[in-house]
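The structure appears right after this line, and notes come after that.
The values are calculated or read from the model by the stated rules, or taken from the named source; none is laboratory data. It should be emphasised that the depicted structure is a prediction, and the values quoted were computed from it without experimental measurement. FYI the Cβ positions are ideal-geometry reconstructions off the backbone, even for glycines, and counts take in every protein chain you see. The accessibility values were calculated without ligands, DNA or RNA, using every heavy atom of the protein model including side chains. Shrake-Rupley method; radii C 1.70, N 1.55, O 1.52, S 1.80 Å.
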Number of protein chains: 2
Amino acid sequence: MAEFRHQIPPGDTQERLVCAQCGFIDYQNPRIIVGSVVAAPDRRVLLCRRAIEPRRGFWTLPAGFLELGETLAEGAAREALEEAQARIVAEGILAVFSISRIGQVQVIFRAGFAEPDAPRFAAGPESAEVGLFAWDEVPFEELAFPSVRWALYAWRANPIGPLTAPAGNPPEDPRGEARIADLNAGAL
Amino acid sequence: MAEFRHQIPPGDTQERLVCAQCGFIDYQNPRIIVGSVVAAPDRRVLLCRRAIEPRRGFWTLPAGFLELGETLAEGAAREALEEAQARIVAEGILAVFSISRIGQVQVIFRAGFAEPDAPRFAAGPESAEVGLFAWDEVPFEELAFPSVRWALYAWRANPIGPLTAPAGNPPEDPRGEARIADLNAGAL
């Protein structure tokens, strides 16, 4: 298997992972998570209970890694289909979060169901359960990640009508450094 | 040197680059470009003439790859410092573009100079020249990339005051597939 060492490659200014066997430089770039807050016309929002680690059993939005070759809106639609078997229509960008601790940028859309009068959804392979939740039914104590809560509050502030400037990280966590343990300890 | 082959790893659904020597899987993810439209109080905008390929000699915004461990706003500030030796204050997100052809997401901030009454800037190592341009002085025929023009027009539509929903790709290029050759041929 590959054995990587931290080195500054010639001409570079940052340490990179370089394979000691073959010289391959593994440029580790931040990764893009794309997802959406999908709401039905009655303003219930779609949440998925995770069937996989990390945070198995906790609730999240349909979201995941953007794949090479797709646009943000395409990625959000694919994730909703994969995780919640839901066809959605992305309305625009609701929030953009930086989670610098783990090298992530999250782009969250506001979305509706493609057939809003008959929202269809079901658990995909990565979800144990999928459901629509009114605001006072959202399992805030059982959310998988702090940014799920941030996204839901961004949606709550602007659930319909023209989208405004996207929400960013909250003032108490501007660099996205909080850990789930902190969240669970009530620090956030 | 590493010799990579296209293979679908066990449990995956997509082809990835796998090193034939050591088994390392090179997940190629989309990359994040972060940059800004930096304007002086007289509404001239900061542009950099590229000293490096691609598109050496053409004009661009201070922008580049987000690095691991930094937030989007931090990345935009670093790029302005590196490419234009300018200290900026990011006001918020002006535009988010998907350039699916090359696996990029671009997040462009609206920004001002940290010392707006005495904007300071100079060419960094990757720039041949840096300058402030009034709208009718912008070298639109010599811009490095289509998204530079998109970002400038997004700024033009919302140069001051509260930021609105970020601009996205223009209707004529929703997936960001246009090539610079098409731009130069006047197709866009």
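Quick rundown of the values:
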| read-out | value |
| --- | --- |
| For the pair A and B, total buried accessible area rounded to nearest 100 Å², probe 1.4 Å | 3100 |
| Mean separation of Cα contacts under 8 Å (6+ apart) over length of chain B, as relative contact order % | 22 |
| Cα-centre dipole for the stretch A:57-96 with unit charges at Cβ (Lys and Arg positive, Asp and Glu negative), debye to 20 | 100 |
| Tensor-based shape of the stretch B:59-99 (alpha-carbon gyration tensor, a/c under 1.5 rounded, otherwise prolate or oblate) | rounded |
| Label 7 Å beyond Cα on the Cβ vector: A:Asp136 copy-to-copy distances, nm | 6.0 |
| Total charge dipole magnitude, chain B, about the Cα centre, Cβ charges on Lys, Arg, Asp, Glu only, Debye to nearest 20 | 140 |
| Crossing angle, helix B:72-84 versus chain B [Cα axis fit, 0-90 degrees, rounded to tens] | 70 |
| Charge-dipole axis of chain A as Lys and Arg at +1 and Asp and Glu at -1 on Cβ define it, positive-most pick from A:Pro30, A:Thr13, A:Ala40 | A:Thr13 |
| Cα gyration tensor category, rounded, prolate or oblate, for the stretch B:27-66 with a/c compared to 1.5 | oblate |
| From the C-alpha gyration tensor of the stretch B:125-171, square roots of 5λ in Å | 22, 14, 11 |
| Three-way shape call for the protein assembly as shown based on the alpha-carbon gyration tensor, with the a/c threshold at 1.5 | oblate |
| For B:Val89, inter-copy label distances in nm, listed shortest first [label point 7 Å out on the Cα-Cβ vector] | 4.1 |
| Burial ranking of peptide ranges A:141-153, B:28-40 (average Cβ count within 10 Å, highest at the top) | B:28-40, A:141-153 |
| Between 0 and 90°, nearest 10: helix B:146-157 axis offset from chain B longest Cα axis | 40 |
| Mean projection area, nm², convex hull over Cα of chain B | 13.0 |
| Shortest-first distances to equivalent copies, position A:Arg56, nm, label 7 Å out along Cβ | 5.4 |
| Mean ellipticity per residue at 222 nm, deg cm²/dmol - from DSSP H runs of n ≥ 4 across chain A, formula -39500 (n - 2.57) | -4500 deg cm²/dmol |
| Alpha-carbon centroid distance for the pair the stretch A:80-106 / the stretch B:82-144, whole angstrom | 26 |
| Around A:Pro54: net Lys/Arg minus Asp/Glu count, Cβ-Cβ under 13 Å | +2 |
| Whole-number D in µm²/s for the stretch A:79-188 (Stokes-Einstein; Kirkwood sum over Cα pairs; 25 °C, 0.890 mPa s) | 161 |
